[in-house]
Amino acid sequence: MSFRSRSNSGNESGYASGSSTGSLSEVFFTRPHLKFLNQQLLKLSPQEVLKWCITSLPNLYQTSAFGLTGLAIMDMISKLDQTIEPSIEMIFLDTLYHFPQTLELVARVQQRYPHIAIHSFRPDGCATTADFEAKHGERLWETNDELYDYVAKVEPAQRAYRTLGVQAVITGRRRSQGGKRGDLDILEVDDMGLLKVNPLANWNFAQVQAYIKDNAVPTNDLLDQGYRSVGDWHSTVPVTDSEDERAGRWKGKNKTECGIHNKKSRYAQFLQEQEQQRQQALSDAIQNGLKIENDAAEAQELAPAAVVA
């Protein structure tokens with residue numbers, strides 16, 4: 001959901017959501033309202049949070065890499081019993097470096113839940129790993145980690161949101177996953193203005209596992225090999241029982257997120273600065289052009305009239 005600052009009475013700023021199509025009325029959330037909603041949603045079960053989302057948020061999608069929490073949420077949505085039919089479609093970012101087991105899981109999920117549409121987005125202009133490496137070089141995640149995150153994940157996510165007209169997304173993030181997720185709210189607005197809903201924010205890994213088992217939800221075969229959080233094959237390793245569930249992601253690096261849920265990466269900021277500079281240069285050129293035309297016109301007016309013999 002596209003949120004922007006909104007002036008209110010007093011000093012409290014708020015957020016406003018606007019439809020990209022213009023067919024939906026704008027929805028406004030002030031900071032106190034978001035705080036109140038989070039306090040209320042804490043009292044609800046994940047299924048009740050999902051029901052609230054369906055009745056309250058337009059153009060709502062689920063983003064998932066088919067980890068345990070995302071799979072649990074997907075199964076919950078498929079079993080919601082309410083008057084309004086849930087029609088939440090999924091966005092999957094195919095980085096071209098997923099494990100074969102992950103892609104096989106996607107196929108099993110499509111068979112198990114045929115009514116759920118899955119929209120897959122790959123790096124721009126790339127259909128295969130060979131395409132990606134021809135365009136960006138081999139092992140980009142080693143030579144330029146931030147650029148890799150941007151072209152493989154952040155840009156495809158932003159393109160997905162634009163293409164599908166996404167206004168709000170459901171994610172599988174939880175507080176117990178640690179790192180920057182430790183103080184996660186159920187409702188949040190990112191620095192790009194997108195509304196994110198984290199219905200299982202307060203669940204721990206054991207609760208998610210229990211739901212998966214009780215409901216026979218299909219899972220990644222890598223979980224039987226010591227993996228607990230699965231991302232790209234080049235940045236994911238198994239973990240021990242004593243380690244944090246996301247300890248196997250970017251092992252040995254001071255990193256806990258891939259960029260999708262971070263504030264703008266330095267590379268994204270660089271692109272924005274480049275665009276701002278380009279726009280400024282264009283504006284300066286137009287202004288200079290107008291100044292030259294005006295100076296020429298003024299000079300012509302001041303020039304003495306030609307004497308006719």
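The values are calculated or read from the model by the stated rules, or taken from the named source; none is laboratory data. Keep in mind the model is a prediction, meaning the values are calculated, not measured. Note that each Cβ is placed from the backbone with ideal geometry, even for glycine, and that neighbours are counted across all protein chains shown.
What the table shows:
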| item | result |
| --- | --- |
| Residue identified as crowded, with 21+ Cβ neighbours inside 10 Å, touching a strand residue (DSSP E or B) at 6+ places or on another chain (Cβ under 9 Å) and more than 30 Å from Q225 (Cα to Cα) among L37, L50 | L50 |
| Residue list for the range 145-204, restricted to those being assigned to a loop (DSSP other than H, G, I, E, B), closer than 30 Å to D131 by Cα and more than 12 Å from the chain's Cα centre (by Cα) | G165 |
| Answer from Q62, Q39 - the residue that is in the same structural domain as C126 (by TED's automatic domain parsing), within 22 Å of the chain's Cα centre (by Cα) and not in a loop (DSSP other than H, G, I, E, B) | Q62 |
| All positions within the range 213-242 that are touching an Asp or Glu at 6+ places or on another chain (Cβ under 8 Å) and over 30 Å from R139 (Cβ atoms) | N215, V217 |
| Scope the range 84-128; condition assigned to a helix (DSSP H, G or I) and hydrophobic (A, V, I, L, M, F, W, C); matching residues | L103, L105, V106, A107, V109 |
| Any hit, the range 202-214, residues being under 22 Å from Q110 (Cβ atoms), crowded, with 19+ Cβ neighbours inside 10 Å and modelled with pLDDT of 90 or more | yes |
| F99 in the same structural domain as L200 (by TED's automatic domain parsing) and closer than 29 Å to N204 by Cα | yes |
| Among residues of the range 229-265, those that are charged (D, E, K, R), modelled with pLDDT of 55 or more and touching a helix residue (DSSP H, G or I) at 6+ places or on another chain (Cβ under 7 Å), counted | 3 |
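Yes/no matrix, rows are residues, columns are (1) free of Cβ contacts under 8 Å to residues at least 24 places away in the same chain; (2) closer than 23 Å to I186 by Cβ; (3) out of contact with any strand residue (DSSP E or B) (no Cβ under 6 Å at 6 or more places or on another chain):
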| position | (1), (2), (3) |
| --- | --- |
| S78 | no, yes, yes |
| I88 | no, yes, no |
| P114 | yes, no, yes |
| S120 | no, no, no |
| K135 | yes, no, yes |
